[in-house]
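I have placed the structure first, in the form of structure tokens, so that the comments after it can refer back to it.
What follows draws every value from the coordinates through simple rules; no lab data is involved. Source: prediction; values computed, not measured. Cβ atoms come from the backbone with ideal geometry, glycine included; neighbour counts cover every protein chain shown.
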């Protein structure tokens with residue numbers, strides 16, 4: 001085939017000066033046809049006694065003389081050293097957009113079986129390991145099985161079903177996918193150090209609702225096991241519904257340790273712009289188990305957890321920008337302890353807990369050296385606006401015999417605190433504050449100094465206030481005085 005070119009991806013790309021020998025053999029009496037193109041492709045066709053056509057085609061490194069097919073329909077087997085889906089999409093999309101392969105709305109289609117093996121699944125110049133796929137098309141049902149180093153699962157499509165598309169993923173490794181740049185030409189941009197940094201993006205125009213959304217069939221997604229950064233979580237279940245102006249995931253369910261997340265996500269708009277709304281509730285036991293699975297520092301342990309959040313933002317779900325998002329959050333966490341010992345507020349809670357004061361006087365600091373600072377309940381609500389978390393009334397921390405309140409705001413973009421901490425203490429003449437300094441020199445010393453400044457007023461005070469300002473990892477805590 002000299003003089004003929006091919007713009008298909010490797011190994012089917014061909015220049016005009018490459019000689020690809022082609023053989024074709026036809027047996028008219030038996031109704032058999034066989035053909036082979038170099039070492040790239042081979043096929044056998046025959047007409048069965050029923051009059052149906054049976055065909056077998058092999059491509060790439062799977063090429064060998066195929067057997068004479070005995071079942072009606074087509075069987076396609078391909079073996080590739082490298083599979084680049086985007087390259088194939090660029091070549092085939094003009095053909096597919098012309099409707100050449102449009103599915104019939106009624107009637108029986110020709111049975112089709114496809115087997116694909118690739119040594120390397122390539123995307124944006126990165127290899128994601130081996131990839132295998134097998135699929136069948138029979139009547140009005142299509143099924144696809146996938147297996148590889150990053151993903152394993154299956155896909156079923158039945159147009160007549162209420163939810164035509166059913167996707168079940170048994171294993172998904174997200175690490176390398178999350179490392180990909182948003183666009184191919186952004187490959188040199190440094191990746192953020194954490195998911196928090198990733199939220200701080202430049203303002204971009206909201207994505208409009210795409211035309212193809214109306215053609216996306218309703219369906220269900222089930223993820224059994226998700227791996228990120230060496231941690232695993234799941235399962236996740238989500239149902240989606242679409243029309244020409246709206247995409248909704250409802251309900252969505254995800255398990256993280258002892259917590260279960262439930263909610264919905266709605267993306268709606270028009271051909272010009274769009275908005276996204278997310279409602280989620282998280283309930284269960286120990287919040288620390290979820291932090292462990294997310295590979296985050298375990299700042300808190302609890303017996304029960306009840307969290308809720310509602311956020312809206314301009315654009316698509318992946319365009320979350322806290323500086324332009326709005327909504328509200330609430331928390332109710334019970335019977336737990338703070339365990340981030342490096343946190344100044346967490347230490348302060350324990351050092352000013354009345355039950356702990358007695359241990360301070362006995363020089364007992366076991367709760368600050370490994371077990372954390374106990375609390376009965378942490379509860380409050382907050383609004384999100386302009387990159388700020390604004391406490392709606394006080395966030396209240398109920399500790400044994402002590403109540404703490406936080407008012408103020410948190411800058412989510414700069415990750416800074418600007419709050420006022422109130423600590424209610426049953427201080428009396430029978431427990432002089434000066435004694436606290438013996439067991440707790442830092443905070444106790446501050447209280448001792450306050451006692452000297454405020455005198456008898458502190459003995460009668462029910463609440464002592466502190467100003468908490470600065471980075472949330474190391475804020476400055478300064479004494480303001482009694483109520």
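Miscellaneous remarks
- Extension gain, residue 227-residue 474: 0.36 nm per intervening residue step, less the Cα-Cα distance, totals 85.8 nm.
- Contour minus Cα-Cα distance for residue 145 and residue 273 (0.36 nm per residue): 42.5 nm
- Residue exposure sequence - 89, 379 - by fewest surrounding Cβ within 10 Å: 89, 379
- On full extension, the segment bounded by residue 112 and residue 30 gains 27.2 nm, given 0.36 nm per residue less the C-alpha separation.
- Neighbour-count ranking [beta-carbon atoms within 10 angstrom, fewest first] of 416, 77: 416, 77
- Taking other C-beta atoms within 10 angstrom as a stand-in for reagent exposure, 22, 472 fall in the order 22, 472, fewest first.
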